[in-house]
Amino acid sequence: MKRRTDDLIHIEQFKILARVGVSKAERARPQRLALSITIWPRFETEDLSDDVTKTVDYSKVCQEAKKFVQGRPDRLIETLAGAVAEHLLRKFAIQRITVELRKFVLKGADYVSVTVNRAAALG
């Protein structure tokens, strides 16, 4: 039986412009968001043989996350972060994912964030 590793891929503070917020004023114009995404691929890194087709393409993960976020009408960053995690789990060969979504709207604070953790269904 093969051992499972805890190898991961991490994307730090990927910038996206999107409309999210409770008030109409907040959603009137796109605002800056930042996504940090940590993924635990379904593969073992030792099995990659330095072949890019066997890994999760982090560039495609970012493109997909951006496209997905920009097409959503969410009011809460909690909802949006959870939806991003679920979407990426379905789209890529990922066994586990953590998504942190930062929003830069609170005066006196650098940002507000939410972090969600999701896992693929077994089977």
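Every number in this text was worked out from the coordinates using simple rules, so none of it is lab data. Everything numeric here is computed off the predicted structure, so don't read it as measured data. When we count neighbours, we look across all protein chains shown, and the Cβ atoms used for this are built from the backbone with ideal geometry, even at glycine.
Projecting the Cα atoms of 83, 62, 93 onto the charge dipole of the chain (Cβ charges, centred on the Cα centre) puts 83 farthest toward the positive pole.
Angle of helix 58-70 to the longest C-alpha principal axis of the chain, folded into 0 to 90 degrees and rounded to 10: 30°. Extension gain for residue 78 to residue 90 (0.36 nm times residue separation, less C-alpha to C-alpha distance): 2.4 nm. Computed from backbone phi, the HN-Hα couplings of segment 84-90 come to 4, 4, 4, 4, 5, 4, 6 Hz, rounded to whole numbers (Karplus: 6.51 cos²θ - 1.76 cosθ + 1.60, θ = phi - 60°; Gly and Pro given as x). Given their separation in residues at 0.36 nm each and the Cα-Cα distance between them, residue 64 and residue 23 gain 12.1 nm when the chain is fully extended. Between the entries [x] 23, 17, 13; [y] 36, 16, 12; [z] 30, 13, 13, the label attached to semi-axes √(5λ) of the Cα gyration tensor in Å calculated for this structure is [z].
Residues whose amide H lies under 5 Å from that of residue 96, counting only those 5 or more places away or on a different chain, are 40, 120; hydrogens are built 1.01 Å from N in the peptide plane.
For the chain, the residue among 30, 114, 40 whose Cα projects farthest onto the positive side of the dipole built from Cβ charges is 30.
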